[in-house]
Every structure is written in structure tokens, then in C-alpha cells.
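A short write-up of the structure that comes next.
The values are calculated or read from the model by the stated rules, or taken from the named source; none is laboratory data. Please read these numbers as outputs of a predicted model, since none were measured by experiment. Surface areas here come from the heavy atoms of the whole protein model, side chains and all, with no ligands, DNA or RNA. Shrake-Rupley method; radii C 1.70, N 1.55, O 1.52, S 1.80 Å.
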Amino acid sequence: MADAPLHNDLANGPAGGQATWVNTGDGVRLRLAYWPGGAKGTIFLLPGRTEYIEKYGRAASELAQRGYGTLCIDFRGQGLSDRALPDRMIGDVRTFDEYQRDVDAMLIHAQAQGLPQPFYLLSHSMGGSVALRALHRSAAFHAAAFSAPMWGI
């Protein structure tokens with residue numbers, strides 16, 4: 001685990017935000033960011049396709065005001081995380097199941113860092129599809145909310 005860039009001046013996230021690099025079980029390097037917020041629990045914020053961590057700084061600020069920390073991810077192929085193809089403008093995965101490895105890496109990181117529990121899911125668009133699958137796979141999440149989920153095309 002190593003420090004990763006977090007452009008909090010653009011994100012307008014709550015004070016104390018930090019980003020880190022983590023590796024998935026299949027060796028993909030992902031960027032995660034955590035904004036502390038209180039003891040009510042940690043929101044796993046799963047963004048939509050082509051989105052990146054900094055876009056959700058203001059949401060993390062709102063959640064912090066309500067007592068929740070926020071853990072956000074640049075999914076593989078998005079933001080500053082590793083990509084399968086050399087062209088950084090293309091976010092590609094072989095199968096959608098690869099995103100579950102990204103959620104697994106988030107969970108491992110959150111547990112290793114002792115982030116406040118319970119854990120919750122907040123997802124937008126493509127992140128909604130990833131979140132729904134995560135709920136089917138794991139009992140780690142206490143509740144979930146979806147914003148314009150991509151449950152079908």
C-alpha cells in the first residue's frame with residue numbers, strides 16, 4: 001500500500017482525505033480514497049463509467065456532515081487506476097466480473113485499515129450494477145442506495 005495522488009482542491013472533499021494504491025487479487029493496481037467523517041460507518045461509493053474519485057468529494061463532504069466516512073474507488077480502466085489497454089482513453093474489461101475483484105480489494109483495504117463499520121454501498125450508474133452484484137456475493141454491507149443504476153442496456 002502506497003500513497004496515491006488525491007486532488008482534494010478539485011474534489012472539495014472533507015478535511016483529512018487521503019488516497020492510496022491497492023492491488024486486486026489479479027494484480028491490477030487501483031486508486032482508493034478515504035475521507036473521514038465519523039463513527040456511524042463507512043460508505044463505499046461506487047462511481048459510474050468514466051468517473052473518478054475527485055468527482056465525489058462534495059458527496060463525501062455531505063456524508064461526513066452526517067457522520068459517515070467515504071471510501072471511493074477508481075475502478076480498473078477508470079481514473080488513475082490501471083488499464084488493460086495502452087490507450088488511457090479506453091476503459092476496458094474482459095468481463096464485468098472483474099469489477100467484483102475491485103470491490104473485494106476495497107473490502108480488504110477497509111477491514112485492514114479498521115474503517116468504521118457498518119459498511120454501506122452508495123452507487124451511481126455502472127457502479128450500481130457492480131454494487132448489486134456485490135450484494136449478491138457478500139454480507140459485508142448493511143444497506144445500499146442506487147442512483148440511476150445501470151441494470152440493463
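General remarks:
- Residue separation of Arg29 and Ala84 scaled by 0.36 nm, minus their Cα-Cα distance, works out to 18.7 nm of gained length.
- Choice from Ala33, Ala110, Ala140 showing the highest fluctuation, given a GNM over the chain with Cα pairs closer than 10 Å: Ala140
- The chain, relative contact order [Cα under 8 Å, separation at least 6], %: 23
- Reference-scaled alpha-carbon Rg (2.2 N^0.38 Å with N residues) for the range 1-93: 1.07
- Stretched out straight at 0.36 nm per residue, the stretch from Gln111 to Thr50 would grow longer than its current Cα-Cα span by 19.3 nm.
- Where only DSSP H runs of four or more residues are counted, the chain gives -7500 deg cm²/dmol as its mean residue ellipticity at 222 nm, each run worth -39500 (n - 2.57).
- Accessible area of the chain divided out per residue, in Å², using a probe of 1.4 angstrom: 50
- Potential lengthening between Asp3 and Arg58 on full extension [0.36 nm per residue; Cα-Cα distance subtracted]: 17.7 nm
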